[in-house]
Structure formats: C-alpha cells, structure tokens
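To start, the structure under review is shown below, and the notes come after it.
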Amino acid sequence: MKKLKGWKLAAFALMFVLMLAGTVRLIAWAGDTTEEGFKPEQIEVDYINETVTVRVVDRSVYPTVDLDQIDYMVYYTDKYNKDLSKWDVCEVREREYIDESGATKKEAVAVFDISWINDSKTVRLYLCGNQKYTKVVAVDIVWEENFKVDFTGTLLATDITQAEEWQEVYEDYPNFTEDTGYFIFYLEEDGRDNYYMNLENIMWRKGEDGVWREFSELDLKELNIRGVKLQFRIKADNGITDAEGNTVSMARASSTAKYSVSKLSSAPQVVVNADTMTLAIKNGMEFSFKWGPEKDDWLMIPEYSKKFGEDLVDGVDFVNLDYRDAEYEEIYTNERVSDLMVQQVLRAYLKEKGVSDFVMNSSMDYDTLYNKYKDYLTFTEEKDGIILYVREIGTEKDAASKVAEVIIPCAKGGTLATPNADALSFTYGESKTNTGGILVTNKTATETDPGVKYQVAILTPDHPDYAKLTVEPKDTENIDISDLKWTSIKPGKTMKFANKKVPKGSFFLYRIAGEDGNLPSTYLVSGEIKYDALTYAGIAEDKKNSGETLTAVFSTNLTKEQVSFKWQVCDDPKNADANWTDIGGATAETFVLTNTQAGKYVRVVITGPDRNPIASDYVGPIKATEAPADQNQNQNQQ
C-alpha cells in the first residue's frame, strides 16, 4: 500500500462518539478548529463482507461528486502513530448509490479489508484523510463472543444434557447421522458455556484458507474418511434499520472455533465360526442385518450401549450389563459377551422388527429362511449367505467406525450322515473332590481314517425342554436347540468342560459338524451327568517298611460302600512290560506291608459304580524287617 511521508500531525485531544448501537464505536481526536474528521454516517462497517467503507465526501453537503473533482486518500492503522508514513493507505474510488428520490448518483469512497483483524479481541482502527478530513477518528471493531465446538459420535452420549433438543435440531440436517457423528457448539457467556443450537447461523471452512460455507453444506461422510481440520464461526450480522434510520443489532462474526475430525477407524474384524454358528461380536460393537439410514437399524451389543434399556433376547441381556449381578458375573465375566450365537443375534434383530417367533435349527435350511425373512434380512445374490453389518459404536468423542460386511454362510440344503453313538466318550476328569469336570473325546480318528469333526452342546436342568429327557421314553427329537452353544471337537482331540458349565443332571447333545455349506447332522443325547463315578484313587501314606499300614483314598463323591479295593504288587513298575499281580485276599480299604513284598512295589486299584477301575500311584520298594515274613497276612483279609 502507499505511504505518505513527512506529514506531521498536530496534537489531538481525546473525544468519544458512540456509533451504530454500540457495536462500532467512532472516536475523534480534535485538533485545529479548521480541521474536520469523518462523521459517523460517512463510515460503513460491513461485517458480512469484512470491509470498512469511508465516504470521503459528505452526502448531506455534496449530494453528488465527480472523482476528478477531489484529491483524497484515506489512511488507516491499528497501531496509532503520529507519523502517517507508518499508516496504510487506501486510494479513493468512485461508486454509485441511489438517493432518496431514486436517482442514481456517484460518490467517492475508500474501501479496505478487515478480515485480518484478530477475532478474539476488540481492535481499534484509526482513520484520517489528506485534505479536509485530517482529524483522526477511531473505529472499534468489537469482539462479540467466544465460540467453541466439540464433537460426539452419538447424541445420546452421557455428557450431553440436552440430547433431545439436539436431536430435533439435527433433524433438519440429514448429512449428520450416527454414521458421521455430530458437532456440538457453545457460546461462552458470563464465564459459562451455553449450547448454541442455531446451526443455520453457523459457517464452516476447511483449514485456514478455505472458503466459508453454510453449515448445511457440510458433509462429513466424505471428509472424515480421510480426516480433516475444520473451522466454525457464527455469521456476521450487518443489522437492520429502525424507523429512525439507525442501524441496530449489528454483530461481528464470532471467534473461530476449530476442530480436527479424525478419519474413520477401520471396520472391525468379525469372525464367523460356521461350525458352531457363532459370531465374534464383542463389547463396543453394534450390528444390523438391513443397513439403512434409520438409527434404530443398529442394535447394540455391549454394556456401553445407551440406545436400548431392555432385553433383546429372553434370558440374554445384551445391553447395560454392569456385571454386578452374580448371575451375569458367572455368564459374562469370562466370555465378555463375545462369540454370540447367530441364532441369538438374528432373534434379537427380528424381535426389534416385530418378529417374535423366529427359531432356527438344523431342520431349517436357508431357502426356508430366505422365503420367510427376506423382508428383514439381507441375503447374498446367490442366497448362499446372510449379510451382517457390524461396526464399532460411536462414542462421546469418535464417530462410528467403517462398516464390516460379514457373510454368515447359508446351507445348500441337506445334512450329513447320522452321527455314531460311540464316536465320543464322556468321562469324569481326575479329581479328589470330583471337580475335574467332564472330558469329551472324539474317538473317530484311526490309523486309516482321519475321522470326523463333532460338535457338543450342554443341555442343563434349567432348559425348557429338559423334562423331555428325564422320562421314558425320552423325547429327543423335539428339543429346541436354537439357544444351545455348540463346541467343535476335532478327531482325536479331547475337550474339558468345567463342573459349573455342566451342572449335575445335565445331558450332552452331540452331532457331526456342518461342512462345505451343509447343515450339521441330527444330534444324539448322552447319558445323564450324575457325578457318581470314581474320579480318583490313591494311597494316603508314603510308607515303605514291612509292618506299616497303607490306606486307600478315593474321590469324595463316593462312600466306602460304593467302591471295591484290590491291592497289587509288582517287581519293576518302571518297566514298560510291568506285570501287576493281585495280592491274594487283599481287598480291604487298608493293607499291612509284609516281608513278602520286600524289594517290590505296591499299589491299590479302586473300582466305582461305573465299573471303571482306577489305579493309584505305587509305593516302594518295600523294606523287610526282622518280623516273620507272613506275620501280618491275616490282617489284609477283607
């Protein structure tokens, strides 16, 4: 800009003139009485376009003027100095205006930009001319508000106190959903942050140099894929003119509020176990089978859920699990609400859609599913799978993640071969207190046959159809297995099930696992789990001298009357071909060592009600004493 050098200012006395309803304050310095300053009506502050216009000729004195008739320049600065060479200069130019009669006239004006002014404080500008208006005047560009912005992935976040009001506000802005997240605005007034909900009065831009745009034009669907830095401010207002011709309610644009929108987090990894028909949906996720714009298309899984407050599936509370309840502690502390059964998730979703009779079991192929539920579920084009949409839930600070499309494989129809009743063995784990659980072994693998994968499920006494297995003849074909959790066991492998997972009176259901798009086979039912079998055999004392007494011990779930004892002797138990021999007449709970066993080893074999004998660890070698070798023989008779 041009600078004027060598021009000196006279001394000025301070005088204040209020202009434009307090938003623009005009201040004049009086010097020589022959000098004149710009009058308030000659200065126009345009907050919307961020300019100041100075009419260098007073219309009341000169209603029209030709630019050639004047020789003015206007000087301005925000740092007052008597040396005008340090001021910025704006040349005068001509513009047209309409007078009161409607006639078009010309006037001389100087226009300069004020967008550079700091928007977080009031700034004073000083003006003067180089001809008639040499008196310095000052214009205050007043800072209006401290504007702030925050972001939330859900309007139901706990720290938003007026959630319903914000929901109503954003109903007029379809670009914002829980897929994108929402901006929450505040104005600081009297030291307090108050919500600012007049979104139509907010503008935004990308970065420091972007173009300011209407809030309705902001679309986060594209922006937060990559992440973006945004700025917001409340629009400027040039005010309205009252009946007396005064401009009122003017307002400078607010301070700029900044927010960096993070790019969407990656879609969650969700694994479908086609064998057990379970999904690895965990805390912090939500799902849908018919993804659409409606918020209630998504159902929550975790205790973090804030959308729903009721059970989605009878007996399974997907929502607001606080783990304080002992029952839920037992069910969920270890599993963490993960690996949910497809049946549960489907039933939860369909129940929310008003379908309450959904049941899926091994007798229902997916053609039936498609024909019955195609209006509620999304199937692949080949109808060989159901599409499940899963994403991480939006939080107080982040939008929901990208969406994962998970294919739940559909059966092609038909089932595999009928399971073999002898394919699995069910035994009690070794334990003194009968707490060794249940061991289930898949015995189908042989030297010539790789075997078949089986699945087992536990039907406990609290199952609605439990009574069908406790009466003769057992009704094994009409049990609702839709909510049972199936566990796969590979050929040659053994799975252990803890006692608390298999309470007394339970039954195991087992079947051949589904493969190659086929449904699992029909199931068979094991015998009742009674915990009445022998699970441990041992010797209480580690005694090795002839004449000392050994005592047999066994699992505490049985009494002495329910078991039988057989003491045995062996020359070398460490030999792979060791031959244990029954000791004649030694069938009591206790056994007295004799010189006959000197140099040998002794153990006890105990048999319980299940006729499954268990041998104890051995003691020895036995040491002889001076007593006759068979002195205590009669003490070992039962």
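With surrounded by 15 or more Cβ atoms within 10 Å (Cβ to Cβ), among the hydrophobic types (A, V, I, L, M, F, W, C), closer than 30 Å to ILE160 by Cα and modelled with pLDDT of 85 or more as the only criterion, which of ALA404, ALA399 stands out?
Going through ALA404, ALA399 in turn, just one is surrounded by 15 or more Cβ atoms within 10 Å (Cβ to Cβ), among the hydrophobic types (A, V, I, L, M, F, W, C), closer than 30 Å to ILE160 by Cα and modelled with pLDDT of 85 or more: ALA404.
Quickly run through the stretch 83-101 and pick out the residues that are more than 18 Å from VAL56 (Cα to Cα) and open to solvent by 50 Å² or more (accessible area, probe 1.4 Å).
Result: ASP83, LYS86, GLU100, SER101.
Restricted to the stretch 180-211, and to residues that are touching a helix residue (DSSP H, G or I) at 6+ places or on another chain (Cβ under 7 Å) and assigned to a loop (DSSP other than H, G, I, E, B), which residue is surrounded by the fewest Cβ atoms within 10 Å (Cβ to Cβ)?
Top of the filtered list is MET197.
Can you pull out the residues in the stretch 415-429 that are among the hydrophobic types (A, V, I, L, M, F, W, C) and either at pLDDT below 85 or not in a strand (DSSP E or B) (or both)? Reasoning before the result, please.
We begin by selecting, within the stretch 415-429, every residue among the hydrophobic types (A, V, I, L, M, F, W, C); these are 416-417, 421, 423-424, 426.
Of everything in the stretch 415-429, those that are among the hydrophobic types (A, V, I, L, M, F, W, C) and either at pLDDT below 85 or not in a strand (DSSP E or B) (or both) turn out to be LEU416, ALA417, ALA421, ALA423.
Name every residue in the stretch 461-488 that is among the aliphatic types (A, V, I, L, M) and free of Cβ contacts under 8 Å to residues at least 12 places away in the same chain, in order of residue number.
From the stretch 461-488, those among the aliphatic types (A, V, I, L, M) are 467, 469, 471, 479, 481, 484; that's our starting set.
Those that are among the aliphatic types (A, V, I, L, M) and free of Cβ contacts under 8 Å to residues at least 12 places away in the same chain: ALA467, VAL471.
Do we find that LEU369 is at pLDDT 85 or above and either under 30 Å from ASN499 (Cα atoms) or not β-branched (Val, Ile, Thr) (or both) in this structure? Explain how you work it out, then say what you get.
Details: at pLDDT 85 or above: no; either under 30 Å from ASN499 (Cα atoms) or not β-branched (Val, Ile, Thr) (or both): yes.
Considered against the rule, which asks whether it is at pLDDT 85 or above and either under 30 Å from ASN499 (Cα atoms) or not β-branched (Val, Ile, Thr) (or both), LEU369 comes out as no.
Looking only at the stretch 494-511, filter to residues that are touching a strand residue (DSSP E or B) at 6+ places or on another chain (Cβ under 6 Å) and among the aliphatic types (A, V, I, L, M); which one of those is surrounded by the fewest Cβ atoms within 10 Å (Cβ to Cβ)?
Looking at the filtered set, the residue picked out is MET495.
Take the conditions in contact (Cβ under 8 Å) with a residue 24 or more places away in the chain, surrounded by 15 or more Cβ atoms within 10 Å (Cβ to Cβ) and of a type outside the set (A, V, I, L, M, F, W, C) and apply them to PRO491. Does it pass? Steps first, please.
Details: in contact (Cβ under 8 Å) with a residue 24 or more places away in the chain: yes; surrounded by 15 or more Cβ atoms within 10 Å (Cβ to Cβ): yes; of a type outside the set (A, V, I, L, M, F, W, C): yes.
Answer is yes for this residue.
Is the stretch 171-181 home to any residue that is closer than 30 Å to SER115 by Cα and at pLDDT below 85?
Among the residues of the stretch 171-181, not one is closer than 30 Å to SER115 by Cα and at pLDDT below 85, which makes the answer no.
If the requirement is being open to solvent by less than 40 Å² (accessible area, probe 1.4 Å) and over 30 Å from ALA467 (Cβ atoms), which of these qualifies: SER521, SER616, SER564, SER526? Spell out the reasoning first.
Working: SER521 fails: over 30 Å from ALA467 (Cβ atoms); SER564 fails: open to solvent by less than 40 Å² (accessible area, probe 1.4 Å); SER526 fails: over 30 Å from ALA467 (Cβ atoms).
Being open to solvent by less than 40 Å² (accessible area, probe 1.4 Å) and over 30 Å from ALA467 (Cβ atoms) holds for just one of SER521, SER616, SER564, SER526, which is SER616.
Name the residue, out of GLN167, GLN231, that is surrounded by 13 or more Cβ atoms within 10 Å (Cβ to Cβ), at negative phi and part of a helix (DSSP H, G or I). Working first, answer last.
Values: GLN231 fails: part of a helix (DSSP H, G or I).
Exactly one residue qualifies, and that residue is GLN167.
Go through the stretch 577-620 and give me each residue that's assigned to a loop (DSSP other than H, G, I, E, B) and within 60 Å of the chain's Cα centre (by Cα). It would help to see each step written out before you state the result.
We begin by selecting, within the stretch 577-620, every residue assigned to a loop (DSSP other than H, G, I, E, B); these are 577-580, 583-585, 587-589, 593-594, 599-600, 608-613, 616-618, 620.
Of everything in the stretch 577-620, those that are assigned to a loop (DSSP other than H, G, I, E, B) and within 60 Å of the chain's Cα centre (by Cα) turn out to be GLY608, PRO609, ASP610, ARG611, ASN612, PRO613, SER616, ASP617, TYR618.
Of everything in the stretch 89-108, what is touching a residue at least 24 places away in the same chain (Cβ under 8 Å), in a strand (DSSP E or B) and among the β-branched types (Val, Ile, Thr)? Give them in sequence order.
Selection gives VAL89 alone.
Among the residues of the stretch 118-129, what is the count of those that are open to solvent by less than 60 Å² (accessible area, probe 1.4 Å), modelled with pLDDT of 80 or more and over 19 Å from GLU41 (Cβ atoms)? Before you say what the answer is, go through the steps one by one.
Pass one, the stretch 118-129, residues open to solvent by less than 60 Å² (accessible area, probe 1.4 Å): 119, 123, 125-129.
This time we only want the ones that are modelled with pLDDT of 80 or more, so: 123, 125-129.
From the residues that got through so far, the ones that are over 19 Å from GLU41 (Cβ atoms) too are 123.
Matching residues across the stretch 118-129 total 1.
State whether one or more residues within the stretch 104-116 are over 20 Å from MET73 (Cα atoms), open to solvent by 30 Å² or more (accessible area, probe 1.4 Å) and modelled with pLDDT under 80.
No, the conditions are met nowhere in the stretch 104-116.
The values are calculated or read from the model by the stated rules, or taken from the named source; none is laboratory data. As the structure is a computational prediction, the values presented were derived from the model and not from experiment. Methodologically, a virtual Cβ is constructed for each residue, glycine included, from the backbone with ideal geometry; neighbour enumeration extends over all protein chains shown. Areas reflect the complete protein model, heavy atoms only, side chains present, ligands, DNA and RNA absent. Shrake-Rupley method; radii C 1.70, N 1.55, O 1.52, S 1.80 Å.
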